[in-house]
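Student: Before I ask anything, here is the structure I am working with.
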Amino acid sequence: MTILTPVISVLTILVYFVLSVCMPIFGYLVPSYKIKKVNIFGNRYRLLINIAVALILYILNVKILFVYLVYPFLTEFLFYVTQRYFKIKTYDRIVIMSLISTIAIFFLVYSNRIYLQKTIEEAILLSSKNFNLDIQDIYNSFVYLKENMISSIFSYLFMGNIFLFLALAPNTYEQWKISCYWLLPFITIIIVNRLIGISFNLYLEDNIIMITRYIYTWYGIKALYQLCGKIGVKFNVLKHSISIAMGIFYPLPVFIIGALASFDIVEVENIKI
């Protein structure tokens, strides 16, 4: 370690953080970098880097610091907590981490809802004037995002956490397992709401359904990845491409595959990631 190492670490984390804010799918970059490149120098070095990053963000804007704490920092914290204190399947860790982060981000957004509402309205007017876009189409897009905000936040976090685990231990991907119990809320809502006709909170129910479908569609993609290997596809890039393409073009069948694959009667050993 040289004298420039802490400076490089801080600058790298800040750049990755900006990328994760601009494109949430890159939210895994900060925790991945810190786990692989920062923590190897020990707890004191990690503490120094965390304090330096926090101070810089605080000087820039305290709200930016809150965003950092709620998204990439919380992801790293949950990674270690689920690793140390919970002996659970890898996909269950990803689901739990994503759910907790989703709740945290939702409350952050809700606490700033008035400011965000004004910003969105200004963005709609600006887009309609400068880009000659239909204001009604833009408004409908924001309404859809608002109605599906919880599931939208979860989808980005979940995908980012998948990339995080792939970045840390790509060779364990085929061994990742998930519990079938995440299907219980989905099944309950389908029976009570769709079949019986009783609804308690349509907004929450729709988001739970979308989250569940997202979880098991990705697990179905993993199952198809394994199937590609069994039928003779040798290149990982090709297996990923085929399985993800199937998930994009045929989401419902892939969701069903993922849901059925979760009913695994074989005991799976805990994978250390």
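The values are calculated or read from the model by the stated rules, or taken from the named source; none is laboratory data. These figures come from a predicted structure and were not determined experimentally. FYI the Cβ positions are ideal-geometry reconstructions off the backbone, even for glycines, and counts take in every protein chain you see. We work out accessible area using only protein heavy atoms, side chains counted, and drop any ligands, DNA or RNA first. Shrake-Rupley method; radii C 1.70, N 1.55, O 1.52, S 1.80 Å.
Student: Output the direction-averaged projected area (hull surface divided by four) of the convex hull of the alpha-carbon atoms of the range 1-152, in nm².
Tutor: The directionally averaged projection comes out at 11.2 nm².
Student: Then there is this: For the range 1-59, take N as its residue count and report Rg(C-alpha) divided by 2.2 N^0.38 Å.
Tutor: That ratio works out to 1.09.
Student: Report, in order of residue number, the helices in the chain meeting two criteria: a C-alpha extent of 27 Å or more along the helix axis, and a mean Kyte-Doolittle hydropathy of at least 1.0; treat each whole DSSP H run as one helix.
Tutor: Taking the DSSP H segments of the chain (at least 27 Å long, mean hydropathy at least 1.0), we get 90-111, 149-168.
Student: Let me ask another. Using a 1.4 Å probe, what is the accessible area per residue for the chain, in Å²?
Tutor: 60
Student: On to the next question. Which pairs in the list LYS36/LYS87; LYS63/LYS87; LYS36/LYS89; LYS89/LYS146; LYS34/LYS87; LYS63/LYS89 are over 27 Å apart, alpha-carbon to alpha-carbon?
Tutor: LYS63/LYS87; LYS89/LYS146; LYS63/LYS89
Student: Would you work out which of LEU157, VAL143, TYR28 lies farthest towards the positive end of the dipole of the chain? Charges go on Cβ: Lys and Arg +1, Asp and Glu -1.
Tutor: TYR28
Student: Still on this structure, please answer the following. As a test of reading the structure, rank TYR144, TYR85 by solvent-accessible area (1.4 Å probe, protein chains only), most first.
Tutor: The ordering from most to least exposed comes out as TYR85, TYR144.
Student: Can you give me the pair-distance distribution of the range 97-237, C-alpha pairs, 10 Å bins, whole percents?
Tutor: The percentages, shortest bin first, are 9, 28, 28, 22, 11, 1.
Student: How would ARG113, ARG93 rank on accessible area, largest to smallest, probe 1.4 Å?
Tutor: Reading off the accessible areas and sorting them downward yields ARG113, ARG93.
Student: Given a 1.4 angstrom probe, I'd like the percentage of the accessible area of the chain that is carbon and sulfur, rounded to a whole number.
Tutor: After summing per-atom areas, the C and S share lands at 70 percent.
Student: To the nearest µm²/s, what D does Stokes-Einstein give for the chain at 20 °C and 1.002 mPa s, using the Kirkwood radius over alpha carbon pairs as Rh?
Tutor: Estimated via Stokes-Einstein, D reaches 103 µm²/s.
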